[in-house]
Every structure is written in structure tokens, then in C-alpha cells.
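Peer 1: So that we are looking at the same thing, I have put the structure below in C-alpha cells.
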Amino acid sequence: MSLAHYRTRPDRLHATVFPEADFLRELPVPKRVGRVAPVRTPRTRRATRREATLRFPERAWLFVLGATSALPLMNFTVTGFSVVCVAIGLAYFLPGTRSRNDTPLVLAAVGTVAYVASAWVNDTSYLSPDVFAFASFALYFCGITVLARDVERIATVLLGIAFGSVFFYVVIGTFLTATGGVVDLWKYGVAPAATITVLYFLATSRIGTSAVVIALLALGALSLVLNFRSHAVICCAVALLLVLSKYRRGTLSLTTRVVTLGVFAVGFTWALEYAAREGLLGGSLREKVLMQSNGSVPMLLAGRTEPPLSLTAIVQQPLLGWGNSDNISRAAYVDAQHVAMSLGFERSFPFEYAWKLSDGSISLHSVLLGSWAEAGVFAVLLPIWLLWACYRLIFVADSAGPWTPLMMYLGMQTIWDLIFSPWSYNLPAVFACLACCCVAVHSNGRHNNSTQDTHLLMRLLRDNRTPRSRSLHEEKR
């Protein structure tokens, strides 16, 4: 029997649910009283939104604290924001009412221990930046949780971190952005931060979904022009998800949305390859696509050639890893080349150029596979949890309101960074923001209505109390 039946026939509710309770005695209820909860008027809804909006002093303060990440202290793991989190991080363990989830902290601790143990067994340096990556994530997670208790505040801290990243790449930079060219600066530095900034201000302006979709498509087109295909795919995928979330008032099932997204990815890849071959997207992109698609290797593997090396290193030492990617043996390196050639790479492929950086160090180019190859199976637990958090933000977190586009983009971009990107500046802090958003967003998704039904039943029970029980309840309050 549905809850709607209980709503119209309260006498049956009293007779079937807790019949021995005194406060559920039958009372005559007029037929015109059909509602169990007052309906908000548009004015009330607007007032609630204004109350939820951050005031300028707090918004500016959170932004400034996040922007301290512009100061590099030790590679990508320790920045000025680390000092802020050290000062306030212990407050995370104090009792309070904030939303908490200790799972990412536990997994970060396990990953750090795995790195230290692997460094000890393999006699590699304990001061490698990768050894501190998970510990830095845990520190940022505690600090951001203390600073920001909801999605809007976390997003404001993330905006400050994005500003810090832009400042670092523009003023200091890396060897990939040292040329000073706009293309390299956009691709290897500021594109994700710029997207976060655009989506943040669109959310604070309460812009409609159509305008957000147009902005994402414009950013994707800009990335295509600047030869940043992965970012273009991510922006267009988020735009598609936003359209699907509004189609038929958001009633599309999760399976339908995932399948549609997969079809889009395949279609977009084919269309991109065709447009690049025809020279519609510029000469540099045409040459790159032709180089990657002439062989029998899939375009994704041709663009990210490191998985054969990472998987070979994992298979040979899966439990404790190699301690550091540079410690991978020459024999494993040669075996990885044979694996790559069996997958379709030509014998003349420049593996030394593709798998090594300019300073001669080996690049595994994946946080997920690199962590497993360097520190063993226990170091991959936190990246797997982060992938689950990405799924929550992309498909399930419906209570973020105007921040949903930013949450979707953050989840999509993080999936790519975890699987196909190495550690980069401020990336541990961005991962911590993602984890905090996953904790802060309380929703079971549009595909699970059991919680909603439970709340409805509790409202029915509460609103059908006798006047005597209500007065006693008010006296206790």
C-alpha cells in the first residue's frame, strides 16, 4: 500500500502502524486537509538560497587561504597551503557536528606506510615526492574539512587552489611550460584551473543549465584549438551529462546515462580523428593525430604509451613495488617493450623518448598505476576510493544544486588524472577537495527513493499526533 494512500486515509495509518501508541489516536480530520507539510512559496525558496550564500568576508577569507598554495615549498606535495592545514588540521579530530568520513584518511595512511615499506625494502630514497603524496592528501583533507563544512565553502577553497596553480605555472612554471607559449601553458598548466574558475562564478551567479552547457562547449572548443584533446572531451562529456540530467526532468536511469556517455566518447573520438585528418582543427593537431593513428595501436594507447611499462612493473613486483619508478630494472624495461610491440607498437617506436623525461627519469604517467608499481597493491587503495568518489559526484550527487556542474567536472577531470596523468602541482589538494565534496554532499541519488519514503513516513507520524502529545513535545523543547 503506497504512502499516498496513508496520506489520504490517516485512520488506516493509525490502525496499522504502531497501534499501541497513545499519540496516534484517531481524530476527525477534515477532508480538505490533504497536505502533510507546508509548500514553500517562491519567495521562501529565494530567501533560503540567499541565507545559504556565503557572505563576502568569509568567501574572501577561504579563497585567500586556498590561494596560499601558490607558494611551492617541496615539489608538488608541500605548499603554503600545507602550512595552513598543519595549523588547523588537528581540529579535525575534535568532537563536533561536521560531516566526517575517516575512510580516505585510513587509506592515505595505508598508502604512506606502503611507500615507506617499499622504499625500505628496495633501498630507495624516503624523501621522494611520491612518498609524501598520500600524507599530503590526508593533511589537506583534514584542513579543508575544518575550514569548509559544505559544498560552497569547499568550492571556494578549491577556487583559491586553482588560483594558486595558475600563479605557479605562470610565474614559476615547469620544464613543460618553460617555453612561455600559450599552447603549452594551457595544456600543461592552467586549463583545469581556468575551467574550475568559470564554473565557480557561473554557480555563484545562479546561471541556468543552458548557459553552463554553452560555457563548457566553448572551453572544449578552445582546448581543441590549443591541442588539448583530453580536456575538450571532459568538458563536452560534462555538458552532455548536464543535458541528460535535465532531459525528461531527470528521470533517465543511471544505465542509460552511462551508455549514452560511452557512445558519446566513441563517437567523439571518431569525429575528432576525422576532423584532424581533414585539417579542420589546425596543422599541429593533424600531425599529431596522423602520427598516433597510422599504426595498429588504439589512439588512446598511442597517446598514453606508458601502460605497458606500468603493467609489466606491477606484474613483476605486485606486493611491495619498486620503491621508485627509476628503480625499475632494465630487464623489466625490456620486457615492457616486448609487451608494447605485441600490442601493435612498431619496433622502431622511440620508447626511450616516450617513457623517460628530459632528465632521464622514468615516467609512468598515471597516479593509479604508478602508485601500484612504486609501492605495491596497498598504495592503490586510496586511488580506487577516489574513483568511487568521482562516481558519486558525477552520477549520484544530486543535492549540490547550482554546484552540480562543478562537481561533475571535478569528478570527470579527476578520473582522467588518476588513470592517465602523473602527480602535478597542487593535485593532492585537488584530490582532497574532491574527497571533502563527496563527504559533504548528502544524497542517495535520484535512483534510490527509500530514504525519501522514510522521511515522508516520519512526517506523517509527526503531523498526526494528538494536540496533547504536541503540547507535551513543545514543553520538553
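Peer 1: On a 1.4 Å probe surface of the protein chains, which of Tyr126, Tyr115 comes out largest in accessible area, and what is the full order?
Peer 2: Order by accessible area, largest first: Tyr126, Tyr115.
Peer 1: Rounded to the nearest Å, what's the spacing between the alpha carbon centres of segment 168-231 and segment 378-411? Just the number, please.
Peer 2: Cα centroid of segment 168-231 versus Cα centroid of segment 378-411: 20 Å apart.
Peer 1: Please give the direction-averaged projected area of the C-alpha convex hull for segment 294-406, in square nanometres with one decimal.
Peer 2: Here the figure is 9.3 nm², rounded to one decimal.
Peer 1: If you add up the charges near Pro428, with Lys and Arg at +1 and Asp and Glu at -1, over every other residue whose beta carbon is less than 15 angstrom from its beta carbon, what do you get?
Peer 2: So the environment of Pro428 carries a net charge of -2.
Peer 1: Going by amide H atoms built from the backbone, whose H comes under 5 Å of the H on Val78, apart from near neighbours?
Peer 2: Sorted by chain and number, the residues that satisfy this are Leu73.
Peer 1: Another one. Quick one: divide the alpha-carbon radius of gyration of segment 77-234 by 2.2 N^0.38 Å and tell me what you get.
Peer 2: Output field value: 1.24.
Peer 1: Now a separate question. Restricting to Cα pairs below 8 Å that are 6+ residues apart, what does the relative contact order work out to for segment 148-245? Please round to a whole percent.
Peer 2: Relative CO of segment 148-245 lands at 24 percent.
Peer 1: Then there is this: If you add up the charges near Ser363, with Lys and Arg at +1 and Asp and Glu at -1, over every other residue whose beta carbon is less than 13 angstrom from its beta carbon, what do you get?
Peer 2: Residues close to Ser363 contribute a combined charge of -4.
Peer 1: Please report, in whole Å³, the volume per residue of the convex hull around the C-alpha atoms of segment 159-253.
Peer 2: 103
Peer 1: Over the Cα atoms, compute the radius of gyration (one decimal) and Dmax (the largest Cα-Cα distance, rounded to a whole number) for segment 89-130, in Å.
Peer 2: When restricted to Cα atoms, segment 89-130 yields Rg and Dmax of 14.6, 44 Å.
Peer 1: I would also like to ask the following. Name the residues whose placed amide hydrogens come within less than 5 Å of the amide hydrogen of Lys356, ignoring near sequence neighbours (fewer than 5 apart) on the same chain.
Peer 2: Ser363
Peer 1: Normalise the Cα radius of gyration of segment 166-206 by 2.2 N^0.38 Å (N = residues in it) and let me know the number.
Peer 2: It is 1.34.
Peer 1: Arranged from highest to lowest average of other beta-carbon atoms within 10 Å per residue, in what order do the peptides 76-82, 404-410 appear?
Peer 2: Result, highest mean Cβ count within 10 Å first: 404-410, 76-82.
The values are calculated or read from the model by the stated rules, or taken from the named source; none is laboratory data. Just so we're clear, the structure is a prediction, and the values are computed from it rather than from any experiment. Virtual Cβ from ideal backbone geometry, glycine too; neighbours counted across all protein chains shown. In case anyone asks, the SASA skips ligands and DNA or RNA and just uses the protein heavy atoms, side chains included. Shrake-Rupley method; radii C 1.70, N 1.55, O 1.52, S 1.80 Å.
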